[in-house]
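Q: Structure provided below as structure tokens; questions to follow.
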Amino acid sequence: MRNNSTSFWAFALALPILGFVLPKVGLNEYYFYVAYVVLQYVVLATAWNILGGYAGYVNFGTGAFFGLGAYTALVAMKAFGAPLFVQIAAAAIVGALLGIGAGLLTLRLKGIFFSIATIAAAIVIETFILNWRFVGGASGMQVIRPEVPLGFETYTRLLFFVMTILTVLAIIVARYIEKSWVGRGLHALRDAESAAECSGVPTLRLKLLACAISGALMAAAGAPFPLYTSFIEPHSTFSLNYSVMALSMAVVGGMSRWWGPVLGAILIASTQQLAASASPELHLLVVGLLMVLFVIVAPDGLVGLVQWARKMVGPGRKEVELARGSERA
Amino acid sequence: MEAKITVRDLYAGYGAVQVLHGLSMEVRSGETVALLGTNGNGKSTLMKCLIGDVRPTHGSITLEIDGRVVDLTKLRTHEAVELGISIVPEGRRLFPQLSVEENLLLGAYRKAARRNISKNLDFCYGAFPFLKERRRQLSGSMSGGQQQMLALARAIMSSPKILLVDEPSVGLAPIMVSQAISKIRELKDEFGLTVLMAEQNFQEALRIADRGYVLVHGKVAFSADSAVELQDSALISQLYLGG
């Protein structure tokens, strides 16, 4: 979690390797089943944060992008027999296009109006899928899984590996944006859009870029979903739940740094999985309580708590930070 | 290094309200030009036309810079900045939730400015020592005068050729107005800037202006080729002193 590049890249390399090795040493299937969901939320929350956190545009359409990704993969599979990585790539492209399209239509809106427009986008796409017989319409359809590739025992194990790769990709992208001029520009327009434009920040272009990247990652996270569940239907796939979850994870984790949504997603998704096995009704309550707790006690999320703790550790910390600041300059 | 703005017969306004009525003026390379006039005569509207914030309904604004000739009425604000025009907007428009240093770094968003970033940052901290002391402070928590200085410093961070300053004196104590105006002069000399400054406080503006225009009802009512000429203008005494 430090600003240490080497340990970051070590982690980025280690996660997919673990994702490849662990499923082959014969742990219980259930762990991979749960870990897949947790990682899927890491990707969704990280992607959400690129637009919602860095740029300050609160998107309630996560479900639209996720569902579109899932259905794009389904169509690619059913119509063209595309392999999984092609399905994911196709989903990412469609997600990016939807991001740009939705962005062009809605980015003139600010605050709550933008959020409402994104909810509408989810409903529009869901309605379209509901009426499309080829993908099963409202009643959904069974997905026929081809043979498991890469020598994995089951699809759950394979998809867990795939999700570790997507997770690492999403985190690398978010981290890169955060440190680059794109991130600085998004940060600026979140604070004061007209001032950003006066400073030479191409605000519209950056917002569209954020929409495209965020949308591509969300759709990619949805792409393995049909193979994962082996049954797909529109209501649960385009669920508002995904939007609310991605948003809460970013809020609880902290939106200013890339590792905020990662921690938030791990915390909420694992708590939820545990609670869900205890009682299916309880898990929503858990998310709700966490959300309320964080908004009141730690509005900057886990990131804020960690930064606060670092400050408390000692005055020496401050000098380090100052030195780091001048390095950056 | 050529940097020249020519405005010809400009008409602009907001919806049904016409503000500029055939305004023509120019800013030549290396000059400090003052735009004078009381409230509501079109100074800010002209500034907004120059940075693409307001689209004129008629007329032209031509920018000659580094041997290129560009129609400014076609550009968006960030594109004008990219060409080397820097803006200190009216009311400063800082990033209140960002630190002083983050504000300065954002001033260098322009691609040509990014490689000079540490040099320019050092210069700004040298010219405005209090900014260095407060580099971690949120800019919104500083006084109005300090914010105005930060806005100036941020504009310099983009290594501009042309500096547009809209009403630097708004909301400042007289002593701060004087300081801000002097700083503009200093920065101009240091960087060889071309400066256009809209200002109501004409005594202060005249201290640094090479020449100026007086705007009345969206037109140039008086154009003076020297500060002395402005000082002696009957129109100025009529507008400002009610004489």
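Q: Taking amide H atoms as placed 1.01 Å from N in the peptide plane, list the residues 5 or more away in sequence, or in a different chain, whose amide H sits under 5 Å from that of B:SER159.
A: Under 5 Å from the amide H of B:SER159: no residue qualifies.
Q: Shape call for segment A:134-188 from the C-alpha gyration tensor, a ≥ b ≥ c root eigenvalues: rounded (a/c under 1.5), prolate (a/b greater than b/c) or oblate?
A: It is oblate, given that a/c is not under 1.5 and a/b is not larger than b/c.
Q: Moving on. Under 12 Å from the Cβ of B:ARG8, count the other residues' Cβ atoms, weight Lys and Arg +1, Asp and Glu -1, and hand me the total.
A: Value of the local net charge: -3.
Q: Next up: Using +1 at the C-beta of Lys and Arg and -1 at the C-beta of Asp and Glu, which of B:ASN103, B:HIS21, B:LEU63 has the Cα lying farthest in the positive direction of the dipole of segment B:16-137?
A: Value computed over the given set: B:ASN103.
Q: Determine how large the accessible area of A:HIS235 is when every protein chain is in place; take a 1.4 Å probe and give Å² rounded to the nearest 10.
A: Number for this one is 120 Å².
Q: Work out the length of the dipole vector of chain A about its Cα centre, built from +1 on the beta-carbon of each Lys and Arg and -1 on the beta-carbon of each Asp and Glu, and round it to the nearest 20 debye.
A: 660 debye
Q: I want the antiparallel fraction of DSSP beta bridges within segment B:29-174, as a percent rounded to 5. All intermediate terms of the calculation are to be shown ahead of the outcome.
A: Numbers: 5 of 9 bridges.
Bridges in segment B:29-174 are about 55 percent antiparallel.
Q: Estimate the FRET efficiency between A:SER5 and B:ARG76 by the formula 1/(1 + (r/R0)^6), using the beta-carbon distance for r and 35 Å for R0, to the nearest 0.05. Let's see the in-between values first.
A: Working: r = 36 Å, r/R0 = 1.01.
Calculated value: 0.50.
Q: Please list the non-local residues whose amide H lies under 5 Å from the amide H of B:THR32, H modeled 1.01 Å from N, same-chain partners needing a gap of 5 or more.
A: For B:THR32, the qualifying residues are B:VAL195, B:ASP210, B:ARG211.
Q: If you roll a 1.4 Å probe over the heavy atoms of the protein chains, what accessible area per residue do you get for chain B, in Å²?
A: For chain B, the solvent-accessible area averages 40 Å² per residue.
Q: Relative contact order of segment B:160-243, please, whole-number percent, based on alpha carbon pairs below 8 angstrom and at least 6 residues apart. Kindly include the intermediate steps, with their values, before the conclusion.
A: Working: 85 pairs, mean separation 20.3, N = 84.
Over segment B:160-243, the number comes to 24 percent.
Q: Tell me the total accessible area that B and A bury against each other, 1.4 angstrom probe, in square angstrom rounded to 100.
A: Answer for the B-A pair: about 2300 Å² buried.
Q: Right, next: In whole percent, how big is the carbon plus sulfur part of the accessible area of segment B:1-137, probe 1.4 Å, protein atoms only?
A: Numbers: 2700 of 5660 Å².
The C+S portion of the solvent-accessible surface of segment B:1-137 is 48 percent.
Q: Tell me, what is the FRET efficiency for A:SER279 and A:THR229 to the nearest 0.05, using R0 = 25 angstrom and their Cβ-Cβ distance as r?
A: Details: r = 22 Å, r/R0 = 0.87.
According to the calculation, E is roughly 0.70.
Q: For A:MET312 and A:VAL295 in the same chain, what is the full-extension length gain: residue separation times 0.36 nm, less their Cα-Cα distance, in nm?
A: In short, 4.0 nm is gained.
Q: If the chain between B:PHE130 and B:GLN179 were fully stretched, how many nm would it gain, using 0.36 nm times the residue separation less the Cα-Cα distance?
A: Once the chain is fully extended between B:PHE130 and B:GLN179, it gains 16.3 nm.
Q: For segment B:4-9, just list the computed ³J(HN,Hα) in residue order, Karplus coefficients 6.51, -1.76 and 1.60, θ = phi - 60°, integers in Hz, with x standing in for Gly and Pro.
A: My calculation for segment B:4-9 gives 9, 10, 10, 10, 10, 6 Hz in order.
Q: Can you give me the long-range amide H partners of B:ILE87? Hydrogens built in the peptide plane at 1.01 Å from N, cutoff under 5 Å, separation of 5 or more residues or another chain.
A: Amide H to amide H, under 5 Å and 5 or more residues apart or across chains, B:ILE87 pairs with B:LEU164.
Q: If you line up the long axis of helix A:282-297 against the longest principal axis of chain A, both from Cα atoms, how many degrees apart are they, to the nearest 10?
A: Between the helix axis and the principal axis of chain A, the angle is about 10 degrees.
Q: Could you give the size of the charge dipole of segment A:116-270 about its Cα centre, using +1 on the Cβ of each K and R and -1 on the Cβ of each D and E, expressed in debye and rounded to the nearest 20?
A: So the magnitude is around 260 debye.
Q: Okay, next question. Probe of 1.4 angstrom, ligands and nucleic acids ignored: what's the accessible area per residue over segment A:29-166, in square angstrom?
A: Ligands and nucleic acids excluded, the figure is 43 Å² per residue.
Q: Taking each residue of A:100-108 in turn, how many C-beta atoms of other protein chains fall within 10 Å of its C-beta, and what is the average? Don't jump to the answer; show the numbers that get you there.
A: Numbers: counts 0, 0, 0, 0, 0, 0, 0, 0, 0.
The per-residue average across the peptide is 0.
Q: Specify the angular offset, from 0 to 90 degrees and rounded to the nearest 10, of the alpha carbon long axis of helix B:117-127 from the longest principal axis of the alpha carbons in chain B.
A: That helix lies at roughly 80 degrees to the long axis.
Q: Something else now. Note down the magnitude of the dipole of the protein assembly as shown about its Cα centre, charges +1 on Lys and Arg C-beta and -1 on Asp and Glu C-beta and zero elsewhere, to the nearest 20 debye.
A: Result for the protein assembly as shown is approximately 820 debye, rounded to the nearest 20.
Q: Taking the protein assembly as shown, how much of its Cα-Cα pair set, in percent, is spaced more than 37 angstrom apart?
A: Value for the protein assembly as shown: 44 percent of Cα pairs lie more than 37 Å apart.
Q: Something else about it: Once the Cα atoms of helix A:29-49 and of chain A are each reduced to a long axis, what angle between those two axes, in degrees from 0 to 90 to the nearest 10, is obtained?
A: 50 degrees
Q: Let me ask something additional. With both bridge residues required to lie in segment B:125-243, what share of the DSSP beta bridges run antiparallel, to the nearest 5%?
A: Values: 5 of 10 bridges.
In segment B:125-243, DSSP labels about 50 percent of beta bridges as antiparallel.
Q: Same structure again: Ordered by residue, what ³J(HN,Hα) values in Hz, to whole numbers, does segment B:153-170 give under the Karplus form 6.51 cos²θ - 1.76 cosθ + 1.60, where θ = phi - 60° and Gly and Pro are x?
A: The phi angles translate into 4, 4, 5, 5, 4, 8, 6, x, 9, 10, 10, 9, 10, 9, 6, x, 8, 4 Hz.
Q: In whole percent, and with a 1.4 Å probe on the protein chains, what portion of the accessible area of segment A:46-142 is carbon and sulfur?
A: Answer for segment A:46-142: carbon and sulfur cover 77 percent of the accessible area.
Q: A further question on this structure: Among A:HIS283, B:LEU187, A:LEU247, whose Cα projects farthest towards the positive end of the dipole of the protein assembly as shown, with charges put on the beta-carbon of Lys, Arg (+1) and Asp, Glu (-1)?
A: The one lying farthest along the dipole's positive direction is A:HIS283.
Q: Let me ask something additional. List, in order, the whole-Hz ³J(HN,Hα) value for each residue of segment A:95-105 obtained from phi through the Karplus relation with A = 6.51, B = -1.76, C = 1.60 and θ = phi - 60°; use x for Gly and Pro.
A: Couplings: x, 5, 5, 4, x, 5, x, 5, x, 4, 6 Hz.
Q: Would you tell me the accessible area of A:PHE160, worked out with a 1.4 angstrom probe on the heavy atoms of the protein chains, in Å² to the nearest 10?
A: About 20 Å², rounded to the nearest 10.
Q: Oh, and also: Note the full-extension length gain between A:ASN131 and A:GLU147 as 0.36 nm times their separation in residues minus their Cα-Cα distance, in nm to one decimal.
A: Here the answer is 2.7 nm.
The values are calculated or read from the model by the stated rules, or taken from the named source; none is laboratory data. Keep in mind that what you see is a predicted model, and the values were worked out from it rather than measured. As a convention, Cβ positions derive from the backbone with ideal geometry for all residues, glycine included, and neighbour counts pool all protein chains shown. Keep in mind that these areas ignore ligands, DNA and RNA; they rest on the heavy atoms of the full protein, side chains included. Shrake-Rupley method; radii C 1.70, N 1.55, O 1.52, S 1.80 Å.
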